[in-house]
Every structure is written in structure tokens, then in C-alpha cells.
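For reference, the structure discussed in these notes is given below.
The values are calculated or read from the model by the stated rules, or taken from the named source; none is laboratory data. Remember, it's a predicted structure, so these values are computed and weren't measured experimentally. As a convention, Cβ positions derive from the backbone with ideal geometry for all residues, glycine included, and neighbour counts pool all protein chains shown.
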Amino acid sequence: MQEFITTKRIIIALAILFVLFFASGAIWYYFIRGNSSINNNSNQPEPTPIENPFPEGGGREPVNGGSSSSSGGSDLGSVPQNLNASQGDSTQIVPDAVAGAVFYKNRVRYVEKSSGNIFEIDLDGKNKTNLSNNKISGVFDAVWSKQGTRAIIKYASGDKIFTVSAAITGSTTKTTILPSGVKDAAFSPKGDRIAYVLVSGDSASVITATPENKNQATRLKMKYSSWKILWAEDNGIYLLSSPSAYLDGFLYKITLSSGAFSKILGPYPGLLASVNTPSLIFSETNQKEKTINTFLANSSGGNIGPLPIKAMPEKCAWSKKVKDVVFCAAPLIMPGAIYPDDWYMGKVSFGDAVVKINIASRAIISFLLPKAIDTTKLFLSDDETNLFFINKTDESLWRLRLP
């Protein structure tokens, strides 16, 4: 029996060493082997090539343990957050599946997933108007400019992904097909430029251009391609690495005027972030307690402190009127799971409350929703008397009146 146990332990040890060797090799190939460089407009200085775009260390160490908290999930089951929420006045305004939406002149514009058409509707869900005749099947995502006049629409056809940039003038829509190989894309704060990740061969580039894809400029070129673009300030594009609990995540910034490429956050497992200069919210995986830890920092990655709730940063919308105010969808109960992976894959879902947070005073006001709504893609009306969101479960569009 003693010999069998010893042999079994040796086999397990060898298996672990093999996995670590394979993971180290993958990290070396993707993050260290490739020479990174930043290419800018001709009137901008050429930066020094970056040898290792994912440096270890820097910032706070990832949190994967610690004592249980009354505001998070644990191995023992779901634990409610103490949000002290009151019942909110919410209404479903579009029952059909919506890919993305935006507020525009006291109405809401949205992309319908089933047809790819762009519609406009009153805040009570009435007077639906068709602004396009796209008839595109396979639409799965739409990103809007803050001004509500442009959208980037992604759709699948066969085994290929297509991306179009749409401009709305009056009741008509004009589209520009973006290059094959475009992954994530975003608008500048003013809506006059777009940035996208373009994959070609074994490398990827971050490119800025006009919404019609003119005046292209390559801002970053490297082997890593799974960037999420956060264009939070006119002169700064933030790049978030693909979030997974099993990978260390990083947040970087490209300063467009100088071409500088700097690390803001990382390494944090499962890193998610939402930036609103001069602040940002980020979360990381807590695998031991099967929950997330959510933090507040400045947009340079300093002055890190805990947020009073557990919320995924992509489920937040920043106030346009008060820089210290943010609205987040926070689960009343966060089931024990591996975040964010299990949530992305639909293995877990939330019943959210909407929480208004003043990050300066830490004051919070919470609003209950009428049923178990897993809230995504939040955005505000211009006067911030209404908050809109999409229910991840059925992709319907909702409105919440704010006092």
C-alpha cells in the first residue's frame, strides 16, 4: 500500500510540473517573445519598443483569500449584500432582444438583434420608428457613441464575424464596413473617432480612425490580441486584457499625444475595470471565497481602496453631471462561483439592485427592480432622471426612474 501511495504521488507531481511547464511556455510565447512597438502619426515621437508588455509586480497583490465578508459570496453558499434598497419605478420598454442602446433627444435608440435594424422609441416604449433597413441576421453586439448618432454593429455570418460603423442622419442610416479581423471597437468621448483591435496573422494592432475608417493611425502593435478598449478620455485609450479568473489581468493606457504606453493596473486575476477620469472602478477574482473584490482607484492606478459594494465594473454607468457619482448594478445575492467566467458563460445569473454611489462620501442609495434582472449595458438620460439597461437573461430593454 505504501508503494502504491508513493507512486501515485509521483504521478500527480509530474502532472503538475507538466501543466506548469506548458503554462510558462504559453506565457513566454504570447507575452514576452513578441516584440511590442507603438506606431503613431508622423508628427508624433517614436517611443522605445516595449520588451515585456505584461510586467510582473507593481500595484497591490491579487487577493485570493481572506476572511468571509457579509457582502460577498463564499464556499458555504450565497450571502446577501446589505444594500437597504427601496422599490424602484422600473418599466420594460422593449421586450425584444436588444444588442445595444443609447439615449438620444428624450428618446432611446437601439439595435434589434433579430433584424439588425436601428429603431427609436419613446421612453414609455411607444411610437417605435425604424431608422434603417439593414436586415442583418446574426447581430450579437452594438456599441453606441455617447452622442447617439453613431453605432458599431457586430454580426456573424457563417463562420465569419463582420463589423460595420453606422451613422444616423435624420431617419436614414449609412454604414461603413470595417476591415475583416476587427475584434473590440469603441468610440472616442466626442464620437468623432473610433478605435479598434485589428488581428492580422499572428499579430494585432490598435488603430484609430474616423468613424468612416479614414485617417487610420496604428497606435500599438503586438502579438496579444484580446484587448477590450475603454476610450475614457479624449487623449487616452485604456486597454483591458481579456478577463478570466484563471489569468492575471492588466489595464494599460495609450496616451495619444505622446504615444506613451503605460501600465495602470495588474496583475489581478479576472480583472474588470471601468474608467471615468480621474477615477476608475476595478474588480478581481477571489477564488477562495468564490466571489469578487471591488475597488476604487484614480485613473493612474493609485490610491486604491475598497468599494462599499460588490459589483462588476462593466455593470456601471458614470454620471455625466457629477464626477464623483456612479450607478452600478449590484447583485442582492452573489452565488458562489468562479467570476467573471461563470457569469459570462451563463452558469450563474444575478437578481440586481441599482446602486447610486458617491465615491467621495461613500454614500449609497439602492433601488430594487421588480424581478430577477441581471443588469447589463447601463446608460443614463442627459438629465439623469432615467437609467436604462438590458436584462442579460432575455436581452430586453428597461428603464428605471431616478428621484
* To do: State which residue is surrounded by the fewest Cβ atoms within 10 Å (Cβ to Cβ) when the search covers only segment 290-310 and only residues that are within 18 Å of Glu233 (Cβ to Cβ) and in contact (Cβ under 8 Å) with a residue 24 or more places away in the chain.
  => Ser300
* Tally time: how many residues in segment 326-350 are surrounded by fewer than 18 Cβ atoms within 10 Å (Cβ to Cβ), closer than 17 Å to Ala273 by Cα and aliphatic (A, V, I, L, M)? -> 0
* To do: Report whether or not Ala204 is assigned to a strand (DSSP E or B) and either outside the structural domain of Tyr252 (by TED's automatic domain parsing) or closer than 20 Å to Asn276 by Cα (or both).
  => no
* Extreme residue, nearest to Pro313 (Cα to Cα), among residues of segment 351-375 that are surrounded by 18 or more Cβ atoms within 10 Å (Cβ to Cβ) and polar (S, T, N, Q) -> Thr375
* To do: Mind counting the residues in segment 267-278 that are within 16 Å of the chain's Cα centre (by Cα) and in a strand (DSSP E or B)?
  => 7
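Somewhere in segment 89-100, is a residue closer than 30 Å to Thr285 by Cα and not in a strand (DSSP E or B)? Spell out how you get there, then give the answer.
Restricting attention to segment 89-100, the residues satisfying the condition of being closer than 30 Å to Thr285 by Cα are 97-100.
The next check asks that each one be not in a strand (DSSP E or B); those that pass are 97.
Checked against the condition, which is being closer than 30 Å to Thr285 by Cα and not in a strand (DSSP E or B), segment 89-100 yields at least one hit.
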* Got a number for residues in segment 145-169 being assigned to a strand (DSSP E or B) and without any contact (Cβ under 8 Å) to a residue 60 or more places away in the chain? -> 17
* Structure fact -> Subset of segment 377-397, residues surrounded by fewer than 18 Cβ atoms within 10 Å (Cβ to Cβ) and β-branched (Val, Ile, Thr), comes to Thr385, Thr393
* Check on Lys221, farther than 29 Å from Ile136 by Cα, part of a strand (DSSP E or B) and in the same structural domain as Phe282 (by TED's automatic domain parsing) -> yes
* To do: Could you identify the single residue in Met334, Met345 that is of a type outside the set (Gly, Ala, Ser) and modelled with pLDDT of 95 or more?
  => Met345
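Every residue in segment 123-132 that is in a loop (DSSP other than H, G, I, E, B) and either in contact with a helix residue (DSSP H, G or I) (Cβ under 6 Å, 6 or more places away or on another chain) or touching a residue at least 24 places away in the same chain (Cβ under 8 Å) (or both), please. Please lay out each step first, then the result.
Step one: filter segment 123-132 for residues in a loop (DSSP other than H, G, I, E, B), giving 123-128, 131-132.
Those that are in a loop (DSSP other than H, G, I, E, B) and either in contact with a helix residue (DSSP H, G or I) (Cβ under 6 Å, 6 or more places away or on another chain) or touching a residue at least 24 places away in the same chain (Cβ under 8 Å) (or both): Leu123, Asp124, Gly125, Leu131, Ser132.
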* Asked: Is it true that Lys135 is more than 17 Å from Ser165 (Cβ to Cβ), in the same structural domain as Gly170 (by TED's automatic domain parsing) and not polar (S, T, N, Q)?
  -> yes
* To do: Return a yes/no flag: does segment 363-384 have any residue that is assigned to a loop (DSSP other than H, G, I, E, B), closer than 23 Å to Gly125 by Cα and touching a Pro at 6+ places or on another chain (Cβ under 9 Å).
  => yes
* Asked: Which of the residues belonging to segment 296-328 are within 19 Å of Leu265 (Cα to Cα) and either part of a strand (DSSP E or B) or not assigned by TED's automatic domain parsing to the domain that holds Leu251 (or both)?
  -> Leu296, Ala297, Asn298, Gly305, Pro306, Cys316
* Can you name the residue in segment 345-371 that is free of Cβ contacts under 8 Å to residues at least 24 places away in the same chain and either within 22 Å of the chain's Cα centre (by Cα) or not assigned by TED's automatic domain parsing to the domain that holds Tyr104 (or both) and, of all such residues, is farthest from Lys323 (Cα to Cα)? -> Lys347
